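These notes are about the structure you will find just below.
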Amino acid sequence: MTVHALKEHAAEMAAPSRPSEVVALPAKPSSRFDAAALARRVASAVLPPAIVVLAILLVWEAACSSPGASLPPPTQVWSEAYDLIVHPFFNFGPQDVGLGWRILASLQRVAVGFGLAAVVGVAIGALIGQSVWAMRGLDPVFQILRTVPPLAWLPLALAAFRDSNPAALFVIFITAIWPVIINTAVGVRNIPQDYRNVAQILRLNPVEFFFKIMVPAAAPYIFTGLRIGIGLSWLAIVAAEMLTGGVGIGFFIWDAWNSSRLPDIIVALVYIGVVGFMLDRLVAAVGAFVTRGTSAS
Amino acid sequence: MKPYLKLDHIDKSFTRGGTRTEVLKGITLGIDQGEFVSIIGHSGCGKSTLLNLIAGLTKVSAGAVLLEDKEVDSPGPERAVVFQNHSLLPWLTVYENVNLAVAKVFGSTRTRAERHDWIMRNLDLVQMAHASDKRPAEISGGMKQRVGIARALSMEPKILLLDEPFGALDALTRAHLQDAVMDIHARLGNTMIMITHDVDEAVLLSDRIVMMTNGPAARIGEVLDVPLDRPRKRVELASDRTYLRCREAVLKFLYERHRFVEAAE
């Protein structure tokens, strides 16, 4: 009797009619009723970096204000590069455009080169992760090639493509592809045998296996690779554009250096840093969105 | 009458680093359609290997697995497996996990609406239709295993293979799932083979219990018939003479004649 009662009780507890667990929303009441707490939180996030930036600007101003200083102080940067800072999208002719346009031109190159690297890298990485022989053959070659600095590829790329733009794209591609390949391969190698068994019992063909099991299962690894890759391609594009010319943030810096416009260079550096940061966060956010739920099993 | 599934003189050995380990030796067994057979033995005796051989996930070293007189040596949906750790894909919802199987097996023979109905019917069968939009991480271990069973059943398998399906669950949840499996077996009449190391579970669920000797080179030590009427009620059986006799027979086999020796390896 007691056993029976216990069983029934357990049935009640495990009964499907029970609504799912309620997820606590701790932030909501506090933000609605306690504006001071919210203000404190914002302040604690914004104030420390603001103070540090201010301190850097002050030290910089103090260090570069003497008449013989080789670099311009922040006030001079502000006054001389005012146009560049406040009007990123002016357009006064083919070589006289705002930094926003130049950044977009560079981003376009990165998008093409990195996009290709992502697709090819995931495919090769999947092959290496899946096949022991492909790994044995390709891995040593890749381990050596990936240490070649991006710009070392440029002369070869210029010779092969006989044009600067495809050469720059190739440099981006070859820079970004290695972390994508290596991380994808590790991710594919770490796919649990259980998932492979499920795929085998369902007789998934290789294409179905790739899209339905491999890519989602390895997605956290793939996105780690993509995130490293986009960072590297942003590093490489600036250097490559300095050498290949054309519209782009890298060439702008080179041009500014040749015409001794140091404030412009400093503004461009800030742009590059901010955009690189946003690219990193963008890929991380996409990864977090795509791989939600995959970590827990 | 020829058996539905026939294991014909199966040997299995693994070779690693030049040393050959015999896992199974001379396994011969016939299983009839609609029968529920448990395979019980101490851990390491190769019972999971035996299930993988039937599933086709591992290849036999000698002998053959015959299903309806045809040899099977690769995995397929007609021998669906319920895995010990459920093996649901964590990035898919409950519905999508079952759909993965249904879309693959019935993608060309059934319409979209028919497939949807079939998925929901199978989720209903394990009482999980209410959670169809949840991801595996959001449901309990017992629920995951229910979904695993629904996924396997949705393939309309000729034989359902259960690999210690309730091993990782607490006792109460396990009892619920055992009842659910008995109910499904009664309703659908599937042929089922279950690996277990739980004596009560084996006696409660099975028509026959296959007892394995200890490895290496494990064989079938004894096959016990469980002549209990269905439907079976666990509370009534607790004092049933036949039940107790079967239970005692399995216990004696496992703990007297083939006691697990830790130092055997």
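The values are calculated or read from the model by the stated rules, or taken from the named source; none is laboratory data. In this text the structure is predicted, and so the values were computed from the model without any measurement. Cβ placement follows ideal geometry from the backbone for every residue including glycine, while neighbour counts extend to all protein chains displayed.
For the stretch A:269-297, the candidate set comprises residues that are in a helix (DSSP H, G or I) and within 14 Å of another protein chain (Cβ to nearest Cβ); within that set, the residue that is nearest to B:S87 (Cα to Cα) is A:V290.
Would you pick out the residues in the stretch B:191-226 that are in contact with a Cys (Cβ under 8 Å, 6 or more places away or on another chain) and over 15 Å from B:I31 (Cα atoms)? The answer is B:V203, B:M212, B:T213, B:N214, B:G215, B:A218.
One residue is enough: does the stretch A:52-64 have a residue meeting the conditions surrounded by fewer than 17 Cβ atoms within 10 Å (Cβ to Cβ), over 30 Å from A:V186 (Cβ atoms), acidic (D, E) and touching a Ser or Thr at 6+ places or on another chain (Cβ under 8 Å)? Within the stretch A:52-64, one or more residues are surrounded by fewer than 17 Cβ atoms within 10 Å (Cβ to Cβ), over 30 Å from A:V186 (Cβ atoms), acidic (D, E) and touching a Ser or Thr at 6+ places or on another chain (Cβ under 8 Å). Mind checking whether some residue in the stretch A:259-268 is buried (at least 21 other Cβ atoms within 10 Å of the Cβ) and within 14 Å of another protein chain (Cβ to nearest Cβ)? There is no residue in the stretch A:259-268 that is buried (at least 21 other Cβ atoms within 10 Å of the Cβ) and within 14 Å of another protein chain (Cβ to nearest Cβ). Condition check for B:A101 on (1) crowded, with 17+ Cβ neighbours inside 10 Å; (2) over 30 Å from B:A131 (Cα atoms); (3) touching a helix residue (DSSP H, G or I) at 6+ places or on another chain (Cβ under 9 Å): one failure, at (2). Please determine, by comparing only the residues of the stretch B:39-73 that are within 10 Å of chain A (Cβ to nearest Cβ) and of a type in the set (A, V, I, L, M), which one is farthest from A:A219 (Cα to Cα). Going through the qualifying residues, I end up with B:A55.
Kindly evaluate B:L88 against the criterion of being in contact (Cβ under 8 Å) with a residue 60 or more places away in the chain, under 19 Å from B:H176 (Cβ atoms) and not acidic (D, E). It would help to see each step written out before you state the result.
Working: in contact (Cβ under 8 Å) with a residue 60 or more places away in the chain: yes; under 19 Å from B:H176 (Cβ atoms): yes; not acidic (D, E): yes.
Taking the combined requirement at face value, the residue satisfies it.
Applying the criterion of at least 3 residues that are farther than 27 Å from B:M128 by Cβ to the strands (runs of 3 or more DSSP E) found wholly in the stretch B:35-112 leaves B:62-67.
Scanning for something out of contact with any Gly (no Cβ under 9 Å at 6 or more places or on another chain), modelled with pLDDT under 90 and not aliphatic (A, V, I, L, M), does the stretch A:103-117 turn up at least one residue? Looking for residues that are out of contact with any Gly (no Cβ under 9 Å at 6 or more places or on another chain), modelled with pLDDT under 90 and not aliphatic (A, V, I, L, M), one finds none in the stretch A:103-117, hence no. For the stretch A:137-240, the helices (runs of 4 or more DSSP H) that sit wholly inside it and include 1 or more residues that are touching a residue at least 12 places away in the same chain (Cβ under 8 Å), away from chain B (no Cβ under 14 Å) and of a type in the set (A, V, I, L, M, F, W, C) are A:154-161, A:164-189.
Yes or no, residue by residue, for (1) surrounded by fewer than 20 Cβ atoms within 10 Å (Cβ to Cβ); (2) under 15 Å from the mean Cα position of the chain (by Cα):
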{"residue": "B:D170", "(1), (2)": "yes, no"}
{"residue": "B:H185", "(1), (2)": "no, yes"}
{"residue": "B:M192", "(1), (2)": "no, yes"}
{"residue": "B:D200", "(1), (2)": "yes, no"}
{"residue": "B:V203", "(1), (2)": "no, yes"}
{"residue": "B:D207", "(1), (2)": "yes, yes"}
{"residue": "B:A218", "(1), (2)": "no, no"}
{"residue": "B:C246", "(1), (2)": "no, no"}
{"residue": "B:Y255", "(1), (2)": "yes, no"}
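Taking the conditions exactly as written (of a type in the set (A, V, I, L, M) and over 15 Å from B:F166 (Cα atoms)), does B:V223 satisfy them or not?
Details: of a type in the set (A, V, I, L, M): yes; over 15 Å from B:F166 (Cα atoms): yes.
Answer is yes for this residue.
Considering the stretch B:228-244, the residues that are surrounded by 12 or more Cβ atoms within 10 Å (Cβ to Cβ) and in contact with a helix residue (DSSP H, G or I) (Cβ under 8 Å, 6 or more places away or on another chain) include one that is farthest from the other protein chains (Cβ to nearest Cβ), namely B:L228. Assess whether B:V65 counts as being buried (at least 20 other Cβ atoms within 10 Å of the Cβ) and more than 17 Å from the chain's Cα centre (by Cα). When the stated conditions are applied, B:V65 does not pass them.
Restricting attention to the stretch B:74-90, and to residues there that are among the polar types (S, T, N, Q) and within 7 Å of another protein chain (Cβ to nearest Cβ), which single residue is surrounded by the fewest Cβ atoms within 10 Å (Cβ to Cβ)?
At the first step, the residues of the stretch B:74-90 found to be among the polar types (S, T, N, Q) are B:74, B:84-85, B:87.
When the remaining residues are screened for being within 7 Å of another protein chain (Cβ to nearest Cβ), the result is B:85, B:87.
Details: B:N85: 17, B:S87: 23.
Top of the filtered list is B:N85.
Scanning the stretch B:174-185 turns up at least one residue that is basic (K, R) and assigned to a helix (DSSP H, G or I). None of B:T49, B:T15, B:T21 is over 20 Å from A:N197 (Cβ atoms) and in contact with a strand residue (DSSP E or B) (Cβ under 6 Å, 6 or more places away or on another chain) except B:T21.
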